[in-house]
1. Surrounded by fewer than 21 Cβ atoms within 10 Å (Cβ to Cβ), more than 27 Å from PHE181 (Cα to Cα) and modelled with pLDDT under 80 - does that describe any residue in the stretch 99-116?
2. Quick one: what pairs do we get from the stretch 132-151, first residue within 17 Å of LEU36 (Cα to Cα), second in a strand (DSSP E or B) and modelled with pLDDT under 70, C-beta under 9 Å, 6+ apart or different chains?
3. Could you look through the stretch 234-261, keep only residues that are among the β-branched types (Val, Ile, Thr) and in a strand (DSSP E or B), and pick out the one that is nearest to THR215 (Cα to Cα)?
4. Taking only pairs six or more apart or across chains, which ones have beta-carbon atoms under 9 Å, a first residue in the stretch 230-255 that is under 17 Å from ASN178 (Cβ atoms) and touching a residue at least 12 places away in the same chain (Cβ under 8 Å), and a second residue that is of a type in the set (Gly, Ala, Ser) and in a loop (DSSP other than H, G, I, E, B)?
5. Does ASN246 qualify as being touching a Gly at 6+ places or on another chain (Cβ under 7 Å) and at pLDDT 95 or above?
6. Please specify each residue of the stretch 237-294 satisfying the condition of being β-branched (Val, Ile, Thr) and over 18 Å from GLN29 (Cβ atoms).
7. Could you please give the count of residues in the stretch 203-233 that are more than 22 Å from the chain's Cα centre (by Cα), part of a loop (DSSP other than H, G, I, E, B) and at pLDDT 90 or above?
8. Any idea which of PHE69, PHE35 is at pLDDT 60 or above, assigned to a helix (DSSP H, G or I) and buried (at least 18 other Cβ atoms within 10 Å of the Cβ)?
Amino acid sequence: MDKIIKLLTITSILMVSVSYGQQRPQYTQYMVNSFLLNPAVAGINDNQVIKAGYRTQWVGFEGAPRTFFVSGHVPINKIDEDFARRFRKKLNHHGVGGYIFSDVTGPTSRSGAYLSYAFHLSLTKKVKASMGTFVGVLQNKIDMDNVITADPDNVILSGLQTKFMPDVSLGTWIYSDNVFFGFVVSQLFQNNFFITEQSGFTSYSKLQNHYFVHTGYNIRVNKDWYVVPSVLYKFVTPIYSHFDVNVKLKYKQIAWIGASYRQDDAVAALIGFMDSKTGLNISYSYDITTSKIRYHSSGSHEIIIGLNIPSKGKVLCPDDFW
């Protein structure tokens with residue numbers, strides 16, 4: 001158990017130190033809620049979209065990550081495409097939204113609150129591009145009294161350290177009925193947040209830029225069935241890179257199943273349902289860990305509950321991408 005605690009502690013410190021690993025919460029179901037990754041997705045649906053999710057990672061691993069979020073976004077001045085073409089109206093529209101999250105790993109925790117804005121521009125009759133931003137506040141905490149180091153001679157500051165800082169992300173999203181492509185850069189300010197002292201040396205923990213590239217294609221098999229393959233590439237300056245490969249099989253707008261492979265980390269199975277009358281939807285994923293942590297963990301669970309609220313008096317189908 002001591003070895004596990006030490007391993008977790010080292011991992012936690014690396015996550016909030018000068019290391020270049022991923023510093024943002026891990027999500028498996030970004031296919032269901034791409035808004036969490038990309039602010040340019042705000043307002044892309046015809047509906048008001050509200051989602052809440054909870055993720056418990058590496059079940060059985062003491063102090064393992066636990067993540068909770070609530071998000072929502074809505075279109076503004078979005079009009080029917082047939083109406084726009086008939087009366088020569090512009091198809092451009094806006095999107096606004098926001099989300100909050102809490103992510104706890106061992107003695108460290110991160111939480112944030114963000115507002116978003118996106119502008120959707122018609123490039124052709126079938127293709128649009130959106131540009132968006134997240135603007136918010138990020139809080140980082142570390143309880144140094146619960147940190148156990150491999151070398152007991154190291155001198156580490158004691159007590160609870162807390163730091164608030166501004167945070168901004170920028171994203172773009174190009175989409176049509178069949179394809180989407182998104183690019184995001186987050187943690188633009190690269191703030192320093194914690195100061196630690198070890199063996200007489202002072203180190204500053206810094207937020208690194210995270211880059212996400214997300215693309216996918218919606219393949220219609222017949223009038224009822226669709227296949228949606230997608231890829232997510234993640235890059236953290238200057239050396240960390242990672243990719244996910246996903247596929248989703250969807251039946252109308254009622255149910256879907258999927259699978260995901262996360263490089264050097266896990267494979268996941270996903271399932272989801274939607275009630276077209278109420279807009280209520282629920283999805284679940286289970287990750288099978290493939291890294292060395294699998295010897296101490298029974299996998300990861302993630303559940304999302306959402307509601308699509310009609311903006312025009314009736315429930316419209318969500319976009320075919322997710």
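1. No; the residues of the stretch 99-116 include none that is surrounded by fewer than 21 Cβ atoms within 10 Å (Cβ to Cβ), more than 27 Å from PHE181 (Cα to Cα) and modelled with pLDDT under 80.
2. These pairs meet every condition: LEU138/PHE193.
3. So, considering only residues that are among the β-branched types (Val, Ile, Thr) and in a strand (DSSP E or B), the one nearest to THR215 (Cα to Cα) is VAL245.
4. If the second residue must be of a type in the set (Gly, Ala, Ser) and in a loop (DSSP other than H, G, I, E, B), the pairs left are LYS252/SER276; GLN253/SER276.
5. yes
6. Looking only at the stretch 237-294, we keep the residues that are β-branched (Val, Ile, Thr), and these are 237, 239, 245, 247, 254, 257, 267, 271, 278, 282, 288-290, 293.
Matches in the stretch 237-294: THR237, ILE239, THR278, THR290, ILE293.
7. Counting residues in the stretch 203-233 that are more than 22 Å from the chain's Cα centre (by Cα), part of a loop (DSSP other than H, G, I, E, B) and at pLDDT 90 or above gives 3.
8. PHE35
The values are calculated or read from the model by the stated rules, or taken from the named source; none is laboratory data. Predicted model, so just to flag it, every value in this text is computed and none were measured. Here the Cβ is made from the backbone with ideal geometry for all residues, glycine too, and neighbour counts use every protein chain on show.
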